[in-house]
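Colleague: Got a structure here, written out as structure tokens. Questions coming.
Each reported figure results from applying straightforward, stated rules to the coordinates on display, with no laboratory input. Everything numeric here is computed off the predicted structure, so don't read it as measured data. Every residue, glycine among them, receives a Cβ derived from its backbone with ideal geometry; neighbour counts consider all protein chains shown.
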Amino acid sequence: MKRILVIIFLLLANITSVNAQEFTLKPDAKYYYDLAEDYYYNKQFDKALENYVKVIEIQPNYTDSYANIGHIYKYKGNYNEAVNYYKKAISIYPTLVAFYEYLADLYYETKQYEKSIEINKKIIQMDPENYESFVYLGLAYKNLKQYDRAIEYYKKAIEVDPKPSHSYDLLGNTYAAKNDHNTAIEYYLKTIAISPEIPITYISIAQEYYYIGKYNEALDNLYKYKSLDIKYSDIANEWIAKTKAALNK
């Protein structure tokens, strides 16, 4: 997913990604902007911030500077200031979807799910094919335990782009949360069909097989996980022991 989730990676990926503005930088503003970018890429965020502010002092409507200041404050954990600068960018350039995405992602990452939902719905009004916003809506509703709404938006994401396997995996997780084990299995199988190399899905589907009493299928998937990965081996081993105990009853 393009909009997730490691903050420093997001910062570096987003820097100067928005250049479709209706004006160019004045020469003196460009000097400070280029300097800010150099500091930014080298993770000298205080110096980058200082120079982005100088850009705004010279050219107050240059929205990239507001967005990048927002990224810096986000990285620093000053989320209120990050929100303020993203909103300033939006107020100057209200038709650019990227600025709304920055704001929506920040709200989601800080567990302000209702606000994330509001902004992602706005994004979809602007860009009805925005796959990531449909996924984020599903994630937010799932975190609010509104599982049917989450399912609705995950399915809309699949309508927009049926290729990414994680949409099916997220649907599986949501049906599992509803204790609809058979439907969860259905979507985990679709995940595996698209991305058989992703290990964690094998633990997820094994758990669902366990809950419906299909212990051999559960074990098969747990062993498949162990053949692919070791990160969650402790969890896999616990479920293997639990499943074998159920088989021996």
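Colleague: If you find the alpha carbon centre of the stretch 54-91 and of the stretch 99-139, how far apart are they in angstrom?
Modeller: If we compute the Cα centre of each part, the gap is 19 Å.
Colleague: So I have [x] 18.9, 58; [y] 23.6, 87; [z] 22.3, 78, and one of them is Rg and Dmax of the Cα atoms in Å calculated from this model. Which one is it?
Modeller: It is the one labelled [z].
Colleague: If R₀ is 51 angstrom, what is the calculated FRET efficiency for the pair Val97 and Asp220, using the beta carbon separation as r and rounding to 0.05?
Modeller: 0.70
Colleague: Where does the chain land at 222 nm, in deg cm²/dmol rounded to the nearest 500, when only DSSP H runs of n ≥ 4 count, each adding -39500 (n - 2.57), divided by all residues?
Modeller: Numbers: 14 runs with 187 residues, N = 249.
For the chain, the value works out to -24000 deg cm²/dmol.
Colleague: Between helix 113-126 and the chain, what is the angle of the helix's C-alpha long axis to the longest principal axis, kept within 0 to 90° and rounded to the nearest 10?
Modeller: That works out to roughly 70 degrees.
Colleague: Using packing as a proxy for protection, rank 202-214, 24-36, 115-127 so that the peptide with the highest average count of other Cβ atoms within 10 Å comes first.
Modeller: Packing order, densest peptide first, comes out as 202-214, 115-127, 24-36.
Colleague: Next question, about the same structure. Can you compute the FRET efficiency between Glu114 and Asp38 using 1/(1 + (r/R0)^6), with r the Cβ-Cβ distance and R0 = 45 Å? Round to the nearest 0.05.
Modeller: Calculated value: 0.70.
Colleague: Something else about it: For a Förster distance of 51 Å, can you work out the FRET efficiency between the beta-carbons of Glu57 and Tyr232, rounded to the nearest 0.05?
Modeller: 0.50
Colleague: Moving to a separate point now. If I fit a long axis through the Cα atoms of helix 63-76 and take the longest principal axis of the Cα atoms of the chain, what angle between them do I get, 0 to 90°, rounded to 10?
Modeller: For 63-76 against the chain, the angle is about 50 degrees.
Colleague: Then there is this: Evaluate the relative contact order of the stretch 76-227 (contact order divided by residue number), counting alpha-carbon pairs under 8 angstrom at least 6 apart; express in whole percent.
Modeller: Once normalised by length, the contact order is 12 percent.
Colleague: What relative contact order, as a whole-number percentage, does the stretch 163-249 give when Cα pairs under 8 Å and 6 or more residues apart are counted?
Modeller: 23
Colleague: Rounding to the nearest 10 and keeping the result within 0 to 90°, find how far the Cα-based axis of helix 79-92 lies from the longest principal axis of the chain.
Modeller: Approximately 60 degrees, to the nearest 10.
Colleague: OK, next. Tell me, in nm to one decimal, what length is gained between Asp46 and Lys145 on full extension, where the rule is 0.36 nm per residue of separation less the Cα-Cα distance?
Modeller: Result for the pair: 31.7 nm of gain on full extension.
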